[in-house]
Amino acid sequence: MSDKRETLGFQTEVRQLLQLMIHSLYSNKEIFLRELISNASDAADKLRFEALAHPDWLADDPELGIRIEVDKKKKTLTVIDNGIGMSRDELVENLGTIAKSGTAEFLKQMTGDKKHDARLIGQFGVGFYSAFIVADKVTVESRRAGLDAEAAVRWESEGQGEFTVENIERKERGTQVTLHLKKDQSEFAESLRIQALIRKYSDHIGFPVSLTDTGGKDAETKVVNSATALWTRSRSDVTDDEYREFYKHISHDFSDPLRWSHNKVEGKREYTSLLYIPAAAPFDLWNREAPRGLKLYVQRVFIMDDAEQFLPLYLRFVKGVVDSSELPLNVSRELLQQNPEITSMRNALTRRVLDILKKLAGKKDEYQKFWNEFGTVFKEGLVEDQANKDKLAKLLRFATTHTGSETQDQSLDDYLGRCQEDQDKIYYILAEGHATAIASPHLEQLRSRGIEVLLLTDRIDAWVAEALAEYEGKALVDVAREALDMPEKGELKDQDKLNETHKALLDRIQEVLSSRVTAVNVSRRLVNSPACVVASDHDLNPQVRRMLEASGQALPESKPILEINVGHPLVTRLSEETDDRRFGALSEIVLDHALLAEGSPLPNPAEYVQRMNDYLLNAEHGADSEPA
Ligand code: ADP
């Protein structure tokens, strides 16, 4: 450990964040106080937990609390806690770098547009650095619990590119953050202003927050907040605003949550939970490794952040607190994993979240906001949580041919409500994007009969459809599969009979394309297109195949089935073609086009272009020409 004063540079990401934050959060500048009090409260929480193993750390100063001092003359605001504190290394690490993975990519999304950037930064969480919105210099003094007075450290920065650290002597345990306010920010040295802000933002903090006006005549100190952890209060005592503020404290998000649910469970298992559905996805929602989970307390003692054992992965967007009366205070992550109590709490909390969502679904517009942000993650639940399949199914939303819009806003019940009388299936199509889905030849016959099809374009949808399998007794059917079971009419019913009628043509095409297709059938699903390809019933869907291959899996080769539309003029031309070479070329082109239409890559694009060019030239001149 060095005693010298050292000057260090901020990590690049911190520098960028500081710049952006000062610029884009200016209209929300007062949030810095919430962030600093939140950190102080976390520090007190951590010490109370560590003190279970090291009671002496707490001994000389056992009343945990947060003190705020304002000094109008000096234009300073200081937030002091007697929590866990930081060592020199911790200070350098915590206040010089950003540990969240994906930060660099996140920062790239910033545009310079204040509103847009403020929203993004809100989802990212700003924390300590927000002090620089109102201060042109910040001094942090800290002494780690368990370390000597001489091991205390001072950190100081003007928020430009650098900070300094030096060892100091400090009697008190914990951290003191002093903001040297910018010239035009002296309002934050006014005790009345600060008192109002503490009440607004930090009333729910479970430690006393006191305020001293050291610049004033009588430097009296008074406790300003109610100092009871919010979830321990009864529901009827807590206002909506308090619930919202508490959400911001635990989530570091600064938009309001969509919904919450606060419950005390009594009886065999005793615990309190307060669960929130955020309004916006955090920046790292897609990172399945990112920290997630609830804040765990045992009898009001904070135990850990991100206790992921209390909810399944597909509900990783839920934020909140769970406070158990039964778990041992020394519970560890490992113990949580093995504890059967936790499994049953997890089941109960999962049901609780699904109930919140069910209620939310009653408000179409609000539910849509939820779905747009979290729908894709939520869908993982079909695969992960088969036990709740029925509840999950009701909460799914889809884009369908009925609305034609890309927005996933139709439920399976909406679909069933529009089903045709003799329709005993739910039809869906898998495609890479909405445009491909809606233009797919596979929909033609269904569309002409007014049968609705779900348009599934998220990567996870193939697994969702498979896991769902059926809804209200109606099977889900992929319209690009060999056996498409439609409410049939007349002669379309019997595939064998249909094939029999056109056997000569089918055999001739099959012979030409034998290396590329397993079979050629007369199609029952086409109206306007000459052909389409379908997967045989035991084969992988081509979407899934492409995804698996992209992820590096080696799969056995598979060939599709070609279906032709015998009512289409191009197929008529094929059947009348006497020249074998031209018949071959046209057959290949028909197959290539069917592949392109479903978004599949061609095995040999150059060959296709060559064939097509020859064909076009022949068509133009009406002459025979030998392909080169
Ligand atoms: P976040 O709180 O989201 O982690 P911050 O930038 O606010 O991000 O803080 C970074 C880290 O610095 C915290 O995670 C914590 O470890 C440490 N820290 C900040 N303030 C304090 C404090 N008052 N006491 C102890 N540690 C602190």
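Residue by residue, here is whether (1) open to solvent by 60 Å² or more (accessible area, probe 1.4 Å); (2) touching a Phe, Trp or Tyr at 6+ places or on another chain (Cβ under 8 Å); (3) modelled with pLDDT under 80 holds:
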{"position": "473", "(1), (2), (3)": "yes, no, no"}
{"position": "477", "(1), (2), (3)": "no, yes, no"}
{"position": "515", "(1), (2), (3)": "yes, no, no"}
{"position": "522", "(1), (2), (3)": "no, no, no"}
{"position": "525", "(1), (2), (3)": "no, no, no"}
{"position": "556", "(1), (2), (3)": "yes, no, no"}
{"position": "570", "(1), (2), (3)": "no, no, no"}
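Hey, any hits in the range 91-99 for a residue that's surrounded by fewer than 21 Cβ atoms within 10 Å (Cβ to Cβ), more than 24 Å from residue 164 (Cβ to Cβ) and within 16 Å of the ligand (Cβ to nearest atom)?
No, the conditions are met nowhere in the range 91-99.
Output the residue which, of all residues in the range 205-259 that are part of a loop (DSSP other than H, G, I, E, B) and of a type in the set (Lys, Arg), is farthest from residue 293 (Cα to Cα).
Here the answer is 217.
Please pick out the residue among 51, 43 that is open to solvent by less than 60 Å² (accessible area, probe 1.4 Å), more than 14 Å from the ligand (Cβ to nearest atom) and at pLDDT 90 or above.
That would be 51, the only listed residue that is open to solvent by less than 60 Å² (accessible area, probe 1.4 Å), more than 14 Å from the ligand (Cβ to nearest atom) and at pLDDT 90 or above.
Does residue 464 satisfy being of a type outside the set (Phe, Trp, Tyr) and under 29 Å from residue 566 (Cβ atoms)?
Taking the combined requirement at face value, the residue does not satisfy it.
For a quick check of your reading of the model, give me the residue pairs whose first member lies in the range 107-129 and is in the same structural domain as residue 78 (by TED's automatic domain parsing) and open to solvent by less than 10 Å² (accessible area, probe 1.4 Å), whose second is of a type in the set (Phe, Trp, Tyr) and more than 15 Å from the ligand (Cβ to nearest atom), with beta-carbon atoms closer than 6 Å and at least 6 apart or on different chains.
none
Check 154, 170 and return the single one that is in a loop (DSSP other than H, G, I, E, B) and within 16 Å of the ligand (Cβ to nearest atom).
Going through 154, 170 in turn, the sole match is 170.
Name the residue that is surrounded by the fewest Cβ atoms within 10 Å (Cβ to Cβ), counting only residues in the range 306-324 that are under 10 Å from residue 377 (Cβ atoms) and of a type outside the set (Phe, Trp, Tyr).
Per the stated criteria, the residue is 313.
Quick check on this structure: which one of 180, 204 is touching a helix residue (DSSP H, G or I) at 6+ places or on another chain (Cβ under 8 Å), more than 16 Å from the ligand (Cβ to nearest atom), closer than 16 Å to residue 36 by Cβ and not polar (S, T, N, Q)?
On inspection, the qualifying residue turns out to be 204.
Could you tell me whether residue 160 is assigned to a loop (DSSP other than H, G, I, E, B) and either away from the ligand (no atom under 14 Å from the Cβ) or not assigned by TED's automatic domain parsing to the domain that holds residue 290 (or both)?
yes
Residues are listed down the side, and each one gets a yes or a no for (1) out of contact with any His (no Cβ under 9 Å at 6 or more places or on another chain); (2) of a type in the set (A, V, I, L, M):
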position: 376; (1), (2): yes, no
position: 389; (1), (2): yes, no
position: 399; (1), (2): no, yes
position: 407; (1), (2): yes, no
position: 410; (1), (2): no, no
position: 416; (1), (2): yes, yes
position: 421; (1), (2): yes, no
position: 427; (1), (2): yes, no
position: 445; (1), (2): yes, no
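More than 29 Å from residue 47 (Cα to Cα) and surrounded by 16 or more Cβ atoms within 10 Å (Cβ to Cβ) - does that describe any residue in the range 285-300?
Looking through the range 285-300, at least one residue is more than 29 Å from residue 47 (Cα to Cα) and surrounded by 16 or more Cβ atoms within 10 Å (Cβ to Cβ).
Please work out if residue 321 is within 17 Å of the chain's Cα centre (by Cα) and not polar (S, T, N, Q).
Against the criterion (within 17 Å of the chain's Cα centre (by Cα) and not polar (S, T, N, Q)), residue 321 does not qualify.
Just one of (1) closer than 29 Å to residue 411 by Cα; (2) open to solvent by 20 Å² or more (accessible area, probe 1.4 Å); (3) at pLDDT 90 or above; (4) in a helix (DSSP H, G or I) trips up residue 504, so point out which.
Going through the list (1) closer than 29 Å to residue 411 by Cα; (2) open to solvent by 20 Å² or more (accessible area, probe 1.4 Å); (3) at pLDDT 90 or above; (4) in a helix (DSSP H, G or I), residue 504 breaks only (1).
Given the options 602, 596, name the one that is open to solvent by less than 70 Å² (accessible area, probe 1.4 Å), at pLDDT below 95 and under 30 Å from residue 433 (Cβ atoms).
When all the criteria are applied, what remains is 602.
Condition first: touching a Ser or Thr at 6+ places or on another chain (Cβ under 9 Å), open to solvent by 20 Å² or more (accessible area, probe 1.4 Å) and more than 13 Å from the ligand (Cβ to nearest atom). Now tell me which residues in the range 54-72 satisfy that.
Those that are touching a Ser or Thr at 6+ places or on another chain (Cβ under 9 Å), open to solvent by 20 Å² or more (accessible area, probe 1.4 Å) and more than 13 Å from the ligand (Cβ to nearest atom): 69, 72.
How many of the residues in the range 405-448 are within 31 Å of the chain's Cα centre (by Cα) and in a loop (DSSP other than H, G, I, E, B)?
11
Tally up the residues in the range 413-432 that are surrounded by fewer than 21 Cβ atoms within 10 Å (Cβ to Cβ), of a type outside the set (S, T, N, Q) and in contact (Cβ under 8 Å) with a residue 60 or more places away in the chain, please.
Result for the range 413-432: 4.
Does any residue of the range 20-29 turn out to be under 28 Å from residue 221 (Cα atoms) and in contact with an Asp or Glu (Cβ under 9 Å, 6 or more places away or on another chain)?
No, the range 20-29 has no match at all.
Would you be able to say whether some residue in the range 536-544 is modelled with pLDDT under 90, under 21 Å from residue 453 (Cβ atoms) and among the charged types (D, E, K, R)?
Checking the range 536-544: at least one residue is modelled with pLDDT under 90, under 21 Å from residue 453 (Cβ atoms) and among the charged types (D, E, K, R).
Would you please name the residue that is farthest from the chain's Cα centre (by Cα), looking only at residues in the range 202-248 that are of a type in the set (Asp, Glu) and farther than 24 Å from residue 258 by Cβ?
218
The values are calculated or read from the model by the stated rules, or taken from the named source; none is laboratory data. On a predicted model such as this, the values are computed, not experimentally measured, just so you know. As a convention, Cβ positions derive from the backbone with ideal geometry for all residues, glycine included, and neighbour counts pool all protein chains shown. Each accessible area value is taken on the protein alone, full model and side chains, heavy atoms only, with ligands, DNA and RNA left out. Shrake-Rupley method; radii C 1.70, N 1.55, O 1.52, S 1.80 Å.
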